[in-house]
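These notes are about the structure you will find just below.
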Amino acid sequence: MPRVKGGVTSRARHKKVMKAARGHRAGRSRVFKRAKTSVMKALVYAYRDRRDKKRTWRSLWIARINAASRQMGVRYSQLISWLEKAEIGLDRRVLADLALHHPADFAAIVTRAKAAA
């Protein structure tokens, strides 16, 4: 059986890594060995930050809800408790959107939750 050299496979792998390294700076986009480590680290950051993004959005929603509810004289924790007791099933994303773009509707929800508590 003849010996098989890995030239075609290696070339394809190198091309894939170098394509992914476009936009990286200096040798990280031109030297395979550096590009490989740079791409691997970038993929790790991307995976991690997809999870971090969810945390960041949630904290922003909570801050917006808290600011809007305090204008009505209610703390965030009180409001969430009242919403659970009133069985109003709106999540924080929707509440934050209402607080920001539709303050009258948000006020109506807060008064309804307060009445049920």
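The values are calculated or read from the model by the stated rules, or taken from the named source; none is laboratory data. Computed from a predicted structure; not experimentally measured. Please note: Cβ atoms are built from the backbone with ideal geometry, for glycine as well, and neighbour counts cover all protein chains shown.
So if I check each of Val94, Val110, which one is crowded, with 16+ Cβ neighbours inside 10 Å and among the hydrophobic types (A, V, I, L, M, F, W, C)? Answer to the selection: Val110. In the set (1) over 30 Å from Ile109 (Cβ atoms); (2) modelled with pLDDT of 95 or more; (3) surrounded by 10 or more Cβ atoms within 10 Å (Cβ to Cβ), the condition left unmet by Lys53 is number (1).
Remark: pairs (first residue in region 69-98, free of Cβ contacts under 8 Å to residues at least 12 places away in the same chain; second residue surrounded by 13 or more Cβ atoms within 10 Å (Cβ to Cβ) and assigned to a loop (DSSP other than H, G, I, E, B); Cβ separation under 6 Å; 6+ apart in sequence or on different chains) are absent. Tallying residues that are under 15 Å from Ala67 (Cα atoms) and either touching a Gly at 6+ places or on another chain (Cβ under 6 Å) or among the β-branched types (Val, Ile, Thr) (or both) within region 80-93 yields 1.
Between Arg28, Arg48, Arg93, Arg58, the distinction of being in contact with a Lys or Arg (Cβ under 9 Å, 6 or more places away or on another chain), closer than 30 Å to Ser10 by Cβ and not in a loop (DSSP other than H, G, I, E, B) belongs to Arg28 only.
Would you confirm, using the coordinates I've provided, whether Ile88 is over 22 Å from the mean Cα position of the chain (by Cα) and outside any helix (DSSP H, G or I)? I'd like the intermediate steps shown before the answer.
On the way: over 22 Å from the mean Cα position of the chain (by Cα): yes; outside any helix (DSSP H, G or I): yes.
When the stated conditions are applied, Ile88 passes them.
Residues being within 19 Å of the chain's Cα centre (by Cα), surrounded by 11 or more Cβ atoms within 10 Å (Cβ to Cβ) and in a helix (DSSP H, G or I) are represented in region 64-79 by at least one member.
This table checks each residue for (1) of a type outside the set (A, V, I, L, M, F, W, C); (2) closer than 30 Å to Ala21 by Cβ.
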{"site": "Val44", "(1), (2)": "no, yes"}
{"site": "Arg51", "(1), (2)": "yes, yes"}
{"site": "Asn66", "(1), (2)": "yes, no"}
{"site": "Ile80", "(1), (2)": "no, no"}
{"site": "Ala107", "(1), (2)": "no, no"}
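Residues in region 1-25 that are of a type outside the set (D, E, K, R), surrounded by fewer than 11 Cβ atoms within 10 Å (Cβ to Cβ) and not in a helix (DSSP H, G or I): Met1, Pro2, Val4, Gly6, Gly23.
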